[in-house]
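Inspection log for the structure reproduced underneath, given as structure tokens.
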């Protein structure tokens, strides 16, 4: 996948002018946050569960080596295989080797962001194995040659017209604008592919150390058809997904669907434990788990450790004003939104990913909705600091910060300057509440108005208040 | 090789060279105890109220719930449900009462046993448990109940005994551990309503890749 994170500013500029994208993004803002809020209201213990989930994840990370070893031992005991991969390349090669050993021509795939992260589809295709995405959103994107713009609703950047057009040109059927008809077309197209596939690849939402099971959570049932029909099931997932017991998995399941789609529970929650057992008439004959590290183990030593708690629910991006304005593709790599702004610099390097943690107003909404209470703004600030220390921050920003620092350290001067800029902005606003054009700040005023200062500065108001308090109070009580 | 490097990196990050005794004990204690975390009050109810909650939650998830006083009424209820959908074939699991039930279905119905094939219109299975908390069915794979029956056909008919409804997942796990001397079945399916997707413009459509309809025949 082509990384365009260094072009975030340009990507965002284009996205803001893309009428279709802006229409589609409207569906994010009105849909998910409302549904999550309703689900939360229905479960009075929701916030307590979040505290427990945070603490449990911290416990898991502190013992990650041991839980992974326990998980592996159980998988082996059940007759499955575990492959440890440090990098994307290792994971790609491991998966291809399994496919080749099975003489696989086609591979069906359930939705998996880790396979996006390791760029699996391109690699398999280049080596003569055809991957078939089966999640409806992923299927649409594969036909269009695009990548997901959201971690749980991959095609959220598209409108009905786009899907209609894509299906019409690939399915050779009359064009339809009925979503039900379009879904039916995909169902029919994919049915035979499910049956014909030699290998099925899914992700995992969690790995259970107690039993050596992987679990997938889907609404469509595509993940299940992917893992029960082919002879070989490969689970591609990452090392932080392990949880101790079924009870612990349950804690996270109670939070996942509610935080993600606002559902009480996702339609299909499926535990897979090893290959087909004696007498079973269906199910895979081989069960492989590919554990991908890709920089995660390094995060443990740094402030980013808390990011390893992430359960990939997407609540942070669903509630993010920046994501809502520019969409997922602007972020330029696999993981968008606030969680992506923390993960991407770790995985592609801060040199390429520096703009992402800067694309935030630190409004804090992401942290306030995170089911495992990851302090996302704090972690974005970690990257900003890292960027500054590495002298990657653009000169103009460094100068700006330097000038601001000069005044901030001289309070009297600072106060004079803020009074002056306050008066200037008010003059520019021509007594309106908002400023529609501001010299040197077109980036701001092109897409929204700048609020004009409404009166005195904070320091002036504070001084007035202090003075007022010192006056005799009789008039207040008369 | 990679395993050692990954585990080594994790341990370096955690500031220890190997697995300390304390860490090992903490992990084995947690794996042994299988302790419940906070359980929401919602489904910690008396038996009858629990069963009612299951019906409400399953219906909310768009499952058809058909309540039957006893199992004798089941063959007729299945026949009626299939006739209403104009379906004349059924592929069935073979566990529990199902073989007997199938014998009592009308001759006009074409019945097959075993795994499901692409194109099958309806399947019949039993459910291991119902979970009231979210209106979820729990099924598991075994020789006489293949998993393809739960996913490939257009309609999934499930028989659930009223006394097999539990309140919360924690109760279900205790029962799963009681199967086959603690060995997990190859797959455990938790199913809450029929298949769906909102991948086109976030508008919910029913019947994506799994069954378009889920009918629960609740006995007792």
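Nothing in this text is a laboratory measurement; each read-out follows from the coordinates by a stated rule. It should be emphasised that the depicted structure is a prediction, and the values quoted were computed from it without experimental measurement. A quick note on method: Cβ atoms are made from the backbone with ideal geometry, for glycine too, and the neighbour counts reach across all protein chains shown.
Things to note:
- Per-pair calculated FRET efficiency, R0 = 45 Å: residue A:303 and residue B:49 via Cβ, rounded to 0.05: 0.40
- Applying D = kT/(6 pi eta Rh) to region A:170-220, where Rh is the Kirkwood radius over alpha-carbon pairs, T corresponds to 25 °C and eta to 0.890 mPa s, the Stokes-Einstein value obtained is 175 µm²/s.
- Computed over chain A: relative contact order in percent, which uses C-alpha pairs under 8 Å that are six or more apart: 20 percent
- Cβ-Cβ distance of residue A:34 and residue B:183, R₀ of 51 Å, FRET efficiency by 1/(1 + (r/R0)^6): the value works out to about 0.70.
- Cα-based convex hull volume of region A:316-416 per residue, rounded to whole Å³: 126 Å³
- What the Cβ-Cβ distance of residue B:94 and residue B:5 gives, at R0 = 41 Å and to the nearest 0.05, is a FRET efficiency of 0.25.
- Modelled this way, with points 7 Å down the Cα-to-C-beta line, the labels at residue B:113 and residue A:381 are 6.8 nm from one another.
- When both bridge partners sit in chain A, DSSP labels roughly 30% of those beta bridges antiparallel.
- Exposure proxy for A:369, A:342: other Cβ atoms within 10 Å of each Cβ, ordered fewest to most, give A:369, A:342.
- Sorting A:329-336, A:60-67 by average packing, meaning the other beta carbons within 10 Å per residue, from highest down gives A:329-336, A:60-67.
- Rg/Rh ratio calculated on Cα atoms of region A:249-397 (Kirkwood radius): 1.07
- Listed from fewest to most Cβ neighbours within 10 Å, the set A:429, A:421, B:2, A:454 follows the order A:454, A:421, B:2, A:429.
- Helix A:411-429 and the long axis of chain A differ in direction by around 80°, with both axes built from C-alpha atoms.
- The angle between the Cα long axis of helix A:395-408 and the main principal axis of chain A comes to about 40°, on a 0 to 90 degree scale.
- Cα-based convex hull, region A:43-294, per residue volume (Å³, whole number): 132 Å³
- A straight line joining the Cα centroids of region A:419-451 and region A:265-330 runs 45 Å.
- Note on A:355-366: average number of Cβ atoms from other chains within 10 Å of each residue's Cβ is 0.
- Peptide B:133-142 shows a mean partner chain C-beta count of 4 within 10 Å per residue C-beta.
- Shape category assigned to region A:125-191 from the gyration tensor of Cα positions, a/c cut at 1.5: oblate
- Alpha-carbon Rg/Rh ratio, for the protein assembly as shown, with Rh computed the Kirkwood way: 1.02
- Sum of -39500 (n - 2.57) over DSSP H runs of 4+, divided by residues of chain B (222 nm, nearest 500): -9000 deg cm²/dmol
- Estimated purely from DSSP H runs of n ≥ 4, each contributing -39500 (n - 2.57), the mean residue ellipticity at 222 nm for chain A is -16000 deg cm²/dmol once divided by its residues.
- Using alpha-carbon coordinates, inclination of helix A:8-17 to the longest axis of chain A, degrees: 90 degrees
- Residue of B:114, B:167, B:182 that the Gaussian network model of chain B assigns the largest fluctuation, springs spanning Cα pairs under 10 Å: B:182
- Beta bridge orientation in region B:38-171: antiparallel %, DSSP, nearest 5: 25 percent
- Antiparallel bridges, percent of DSSP beta bridges restricted to region A:164-273 (to nearest 5): 55 percent
- Peptide A:178-190 is shielded by partner chain Cβ atoms: per residue, an average of 4 of them sit within 10 Å of its Cβ.
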